[in-house]
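Working notes for the structure below.
The values are calculated or read from the model by the stated rules, or taken from the named source; none is laboratory data. Source: prediction; values computed, not measured. Neighbour counts are summed over all protein chains in view; Cβ atoms, including those assigned to glycine, are modelled from backbone coordinates with ideal geometry.
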Amino acid sequence: MGGKGCPEQYFREKLEELLHSSHHAVAFTGAGVSQESGIPTFRGKGGLWDRYPPFLYANLPMLALLFLIRPSRVAVFASDVLASLLEAAPNPCHKVLADWERLGILRGVITQNVDDLHEMAGSRNICELHGNVYRVRCVRCGGKEKLSRHLLWETWERLRGVRPGRRELLRVLSSYASRCPYCGGRRRPDVVFFGEGLPAEEWNKALGLASESDILLVVGTSALVYPAAMIPRLARESGARIVEINPEPTSVTPLAELRVPYPAGRFFSLFEPRVS
Ligand code: NAD
Ligand code: ZN
C-alpha cells in the first residue's frame, strides 16, 4: 500500500523520526483502534450510541432499571456487544504497538478499551483505565479473575437463546459472573460504567507513564471521556510531544505536533514487516 512519496509514507517517516529521538514513548488508545477489528466505537456514524442511548446503557443504575422493566432489551444489548467483542482480533495497530514494546521503542499502552485486544496482540505493560470485559471482580473483597473467551462465547450463545424474562436472563448472567471463590461475594464485570470511578492502581500507573513520556501517541480516541481524557493534557504539560492518529480532528488536535489523518489499522500496517 502507498508507494514512496505518497502522503502515508510522509507521515510514516515523520513518526519514525520522532520515535528515533525518543526515550520514553507511550501510546494512549481509544475505541478507534479497534474499529478496524470490527468493534464499533461509541460516537460517530454506526457507533454504539446510535443504537443504544448511553444514558440508559452505559449507566449501571439505569441498566438495572431497564433489566427490571424490559429484560429482553438488556439481553439484546449484551449479546450485540459481546458478539462484536468475541469476533474481533488484533489489527496492525495493536500488533505494531506490541512489537514496539518488545523492541524497547514503546514503554507501554494506556487504553480506554475493554476489549483485551492489546494484550491479545502481545502488549504487556498495559493500563486498562476502563477495565476488561474478560474479567470479573468481586464487589466484597475486590478479587479479580480473567475469564476464558470460551466462557464468554457460551454466555453469548445462551443470551441469544434466552426467553425475554428476568429469571432466565439472571441465570445466564450469574453463570458468567458466579460467586467469588475466596469470600462468596457477588461478582460483576470488571468494567467502568458511566459515573463510576477509575481503578486507582491503573490510574496512578497511567499518570506515571504519561508524565514521564517524551512522546505520547494518541490513537483512536475522541478524548471526551473524563478523567481518561486528561492524559494527553497531562503528558503535554510534562513536556511530551503529542502525535495524534485519527481520521477526524478531536480536542487533542490543538496539542498535537504531528497529526496523522488515517485510520489506525491502515496507518500502522505501514510499519509491519513485509513478506517478500
Ligand atoms: P469514542 O467512540 O468517543 O471515539 C472514537 C474515536 O476514534 C473518534 O475520535 C473517531 O474519529 C476515531 N476513529 C474511528 N475510527 C478510527 C480508526 N479506524 N482509526 C483511528 N481512529 C478512529 O471512543 P473513546 O474516545 O475511546 O471513548 C469512548 C469510551 O468508550 C471509552 O471509554 C472506551 O472505554 C469505550 N469503548 C470501548 C470500546 C472497545 O473496547 N473497543 C468500544 C467502544 C467504546
Ligand atoms: Zn470475594
Exercise. With respect to Pro40, is the statement that it is of a type outside the set (S, T, N, Q) and out of contact with any helix residue (DSSP H, G or I) (no Cβ under 9 Å at 6 or more places or on another chain) true?
Worked result: no
Exercise. So which residues in region 155-197 are away from ligand 2 (no atom under 16 Å from the Cβ) and not in a helix (DSSP H, G or I), if there are any at all?
Worked result: Val162, Arg163, Pro164, Gly165, Val191, Val192, Phe193, Phe194, Gly195, Glu196, Gly197
Exercise. Does Glu157 satisfy the criteria of being modelled with pLDDT under 95, surrounded by fewer than 22 Cβ atoms within 10 Å (Cβ to Cβ) and more than 9 Å from ligand 1 (Cβ to nearest atom)?
Worked result: yes
For this session: Could you list all residues from region 221-247 that are over 13 Å from Thr29 (Cβ atoms), out of contact with any Phe, Trp or Tyr (no Cβ under 8 Å at 6 or more places or on another chain) and at pLDDT 95 or above?
Result: Met230, Arg233, Leu234, Arg236, Glu237, Ser238, Gly239, Ala240, Arg241, Ile242
Problem set entry | Residue check, Val218 within 16 Å of the chain's Cα centre (by Cα), within 29 Å of Pro54 (Cα to Cα), buried (at least 21 other Cβ atoms within 10 Å of the Cβ) and at pLDDT 95 or above | yes
Exercise. Residues in region 83-102: is at least one modelled with pLDDT under 95 and under 29 Å from Ala200 (Cβ atoms)?
Worked result: yes
Exercise. Considering only region 190-215, how many residues are modelled with pLDDT of 90 or more and within 16 Å of the chain's Cα centre (by Cα)?
Worked result: 8
Problem set entry | Some residue of region 179-188 being buried (at least 21 other Cβ atoms within 10 Å of the Cβ), over 20 Å from Val114 (Cα atoms), more than 16 Å from ligand 1 (Cβ to nearest atom) and more than 17 Å from the chain's Cα centre (by Cα) | no
Problem set entry | Conditions (1) closer than 16 Å to Val81 by Cα; (2) free of Cβ contacts under 8 Å to residues at least 12 places away in the same chain: number failed by Arg51 | (2)
Seminar exercise, completed: Taking first residues from region 150-175 that are farther than 11 Å from Leu82 by Cα and second residues anywhere that are outside any helix (DSSP H, G or I) and modelled with pLDDT under 80, the pairs with Cβ under 8 Å that are 6 or more apart or on different chains are Glu168/Val162; Leu169/Val162; Val172/Val162
Exercise. Just a yes or no: is a residue in region 125-144 farther than 30 Å from Leu68 by Cβ, out of contact with any Ser or Thr (no Cβ under 9 Å at 6 or more places or on another chain) and either away from ligand 2 (no atom under 16 Å from the Cβ) or hydroxyl-bearing (Ser, Thr, Tyr) (or both)?
Worked result: yes
Seminar exercise, completed: Going through region 103-130 in order, the residues found to be small (Gly, Ala, Ser), touching a residue at least 12 places away in the same chain (Cβ under 8 Å) and not in a helix (DSSP H, G or I) are Gly108, Gly122, Ser123
